[in-house]
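S.K.: Input: one structure, supplied below.
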Amino acid sequence: MQQIGLGMEMLLDYAEDIASRYMQFIGSLAEVAERGELVGDLVRSAVRRCLIGMQAAGAEPEDARRILGTLIAEQIAQLDAGQDKARWILVAVRHHMEFLLFLEEHHEGALQHCHAPGQTSGLH
């Protein structure tokens with residue numbers, strides 16, 4: 001029984017690594033937004049891909065919500081007072097994450113069906 005718990009812990013560690021890498025990218029996009037660039041589509045795509053990667057690593061929606069939610073809150077806390085656009089982007093990340101997880105929880109497999117235009121698989 002302990003073996004199963006250890007395996008799941010390793011998968012969640014991998015899911016945390018995935019979320020951390022995506023949040024670094026999203027943080028970079030938030031900096032770009034501060035300069036006035038439009039990054040909304042890239043941010044939404046990154047959130048979706050992050051959640052798909054975390055799901056593939058074995059994270060359940062509640063795990064993804066906790067892990068990614070913590071990383072988002074940490075990035076928001078690190079922003080300077082005048083970084084309103086970056087803050088808005090990170091809040092939008094939180095909302096989009098919640099939206100996709102809501103769909104996943106209420107319509108099983110919804111993340112796999114959230115494709116970019118012309119994309120045939122949620123994992124690519």
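S.K.: Of the residues 53, 69, which is within 20 Å of residue 28 (Cβ to Cβ), at pLDDT 95 or above and surrounded by 19 or more Cβ atoms within 10 Å (Cβ to Cβ)?
M.R.: Working: 69 fails: surrounded by 19 or more Cβ atoms within 10 Å (Cβ to Cβ).
Of the residues listed, the single one that is within 20 Å of residue 28 (Cβ to Cβ), at pLDDT 95 or above and surrounded by 19 or more Cβ atoms within 10 Å (Cβ to Cβ) is 53.
S.K.: All but one of (1) part of a loop (DSSP other than H, G, I, E, B); (2) open to solvent by 70 Å² or more (accessible area, probe 1.4 Å) hold for residue 17, so report the exception by its number.
M.R.: (1)
S.K.: Which one of these does residue 86 not meet: (1) modelled with pLDDT of 95 or more; (2) more than 22 Å from residue 31 (Cα to Cα); (3) small (Gly, Ala, Ser)?
M.R.: Looking at each condition in turn, residue 86 falls short on (2).
S.K.: While we're here: Could you tell me whether the stretch 90-113 includes any residue that is more than 12 Å from the chain's Cα centre (by Cα), open to solvent by less than 20 Å² (accessible area, probe 1.4 Å) and at pLDDT 95 or above?
M.R.: no
S.K.: Take the conditions under 19 Å from residue 105 (Cβ atoms), open to solvent by 60 Å² or more (accessible area, probe 1.4 Å) and out of contact with any strand residue (DSSP E or B) (no Cβ under 9 Å at 6 or more places or on another chain) and apply them to residue 60. Does it pass?
M.R.: yes
The values are calculated or read from the model by the stated rules, or taken from the named source; none is laboratory data. Computed from a predicted model, the values in this text were never measured in an experiment. All Cβ positions, even for glycine, are placed from backbone atoms using ideal geometry, and neighbour counts span all protein chains on display. Please note that ligands, DNA and RNA were not included when accessible areas were found on the heavy atoms of the full protein model with its side chains. Shrake-Rupley method; radii C 1.70, N 1.55, O 1.52, S 1.80 Å.
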